[in-house]
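Engineer: Handing you a structure now.
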Amino acid sequence: MKNIHNIFSVEGKRVLITGAANGNGKAMAEGFGYAGSELFLLDIDYENLEIVANDIERETSSKVHRDIVDLRVPEEIDRFLDSNDNFDVVINNAGVTYNNHLIDYKDSDWDATYKVNLYAPYKIMQKVSKKMSQKKSGSIINVTSLGAELGFPNNPAYVAFKGALKQLTKAAACDLSPNGIRVNSVGPGYLKTNMTAESWNDKKLRLERTNKILLGRWGEPDDLIGIMIFLASDASSYITGQDFYVDGGWLAKGL
């Protein structure tokens with residue numbers, strides 16, 4: 001039987017988190033920081049990334065590395081990973097969204113969404129899995145969305161590539177499981193972040209979305225910490241290729 005006293009421990013694990021300067025990524029970084037992990041935080045928002053990293057270092061004993069990486073640029077991903085490839089946990093959290101009707105959607109917005117939401121996780125998984133394979137261990141967590149399961153209007157690229165990331169997660173789990181690497185996805189529901197601020201600030205839209213949630217409230221970024229630590233720890237050692245939705249019951253609700 002496993003030692004249940006530390007089955008959820010991520011202390012000392014080397015954890016890479018993309019999009020760590022704000023919202024969900026910031027909450028994940030803080031959660032793993034307080035849990036004693038060594039953090040590698042990536043974002044293009046230098047100012048907020050520094051604040052997050054400095055706060056974690058000041059309030060915890062965790063070591064925090066940070067780097068400015070534009071995930072739209074494959075060469076920047078390569079630059080970082082060529083000198084940083086030894087991780088126990090990788091969380092592909094970064095994402096962008098550009099709202100517009102399908103008829104009017106811009107190719108530039110489609111391309112940018114593809115690069116950040118799908119290509120960057122693919123490239124990161126491909127590179128970090130080589131070192132993980134040598135160690136015969138590792139956990140990769142891809143952040144998807146309700147949009148990976150449901151159609152949402154005026155957002156074709158986001159829905160398309162979050163759905164693709166869900167399937168890429170399963171493909172990667174198949175390829176990497178013989179190497180001791182687990183790959184799962186976590187799909188947030190409506191959490192209060194900058195990405196959902198427009199809906200939250202519109203009282204009509206806020207009520208419409210709240211009425212779809214079994215728990216009757218929007219989530220907070222902190223609501224993601226538990227599932228992330230679970231999937232990063234030995235508590236989930238027999239789980240791979242799975243999709244977990246932190247949505248307050250949105251997908252489960254019928255009438």
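Engineer: What FRET efficiency would be calculated for the residue pair I51, L255, taking the C-beta separation as r and a Förster radius of 51 Å, to the nearest 0.05?
Structural biologist: The pair I51/L255 has a calculated efficiency of 0.70.
Engineer: Here's something else I'd like to know. About the Cα centre, and with charges only on the beta carbon of Lys, Arg (+1) and Asp, Glu (-1), how big is the dipole of the chain? Nearest 20 debye, please.
Structural biologist: With only Lys, Arg, Asp and Glu charged at Cβ, the dipole is about 820 debye.
Engineer: With charges only on Cβ, +1 for K and R and -1 for D and E, what is the dipole size of segment 1-91 about its Cα centre, in debye, rounded to 20?
Structural biologist: Dipole magnitude for segment 1-91 comes out near 480 debye.
Engineer: Run the accessible area of the chain with a 1.4 Å probe and give the carbon-and-sulfur part as a rounded percent.
Structural biologist: Here carbon and sulfur together make up 51 percent of the probe-accessible area.
Engineer: How large, in Å, is segment 1-146 by the Kirkwood hydrodynamic radius built from its alpha-carbon pairs?
Structural biologist: Result for segment 1-146, one decimal place: 16.1 Å.
Engineer: Something else about it: Please report the projected area of the chain's Cα convex hull averaged over all directions, in nm².
Structural biologist: Computed as one quarter of the Cα hull surface, the answer is 14.6 nm².
Engineer: Express the Stokes-Einstein translational diffusion coefficient of segment 120-182 in µm² s⁻¹, to the nearest whole number, given a Kirkwood radius over alpha-carbon pairs, 20 °C and a viscosity of 1.002 mPa s.
Structural biologist: It diffuses with D of about 172 µm²/s by this estimate.
Engineer: Can I ask one more? How long, wide and thick is segment 61-184, going by the Cα atoms along their three principal axes, in whole angstroms, largest first?
Structural biologist: For segment 61-184, the Cα spread along each principal axis is 48, 30, 29 Å.
Engineer: Hey, what's the chain come to in accessible area per residue, 1.4 Å probe, Å²?
Structural biologist: 49 Å²
Engineer: In whole Hz, with x marking every Gly and Pro, tabulate ³J(HN,Hα) for segment 86-102 from phi via Karplus 6.51 cos²θ - 1.76 cosθ + 1.60, θ = phi - 60°.
Structural biologist: So the J values, rounded to whole Hz, are 9, 10, 8, 9, 10, 10, 7, 9, 4, x, 10, 9, 10, 8, 5, 5, 3.
Engineer: Which value, in debye to the nearest 20, gives the size of the charge dipole of segment 1-51 about its Cα centre, when Lys and Arg are +1 and Asp and Glu are -1 at the Cβ?
Structural biologist: Computed charge dipole of segment 1-51: roughly 380 debye.
Engineer: A further question follows. What per residue convex hull volume, in Å³, do the alpha-carbon atoms of segment 1-80 yield?
Structural biologist: Hull volume normalised by residue count: 103 Å³.
The values are calculated or read from the model by the stated rules, or taken from the named source; none is laboratory data. Nothing here was measured: the structure is a model prediction, and the numbers come from that model. Every residue, glycine among them, receives a Cβ derived from its backbone with ideal geometry; neighbour counts consider all protein chains shown. Each accessible area value is taken on the protein alone, full model and side chains, heavy atoms only, with ligands, DNA and RNA left out. Shrake-Rupley method; radii C 1.70, N 1.55, O 1.52, S 1.80 Å.
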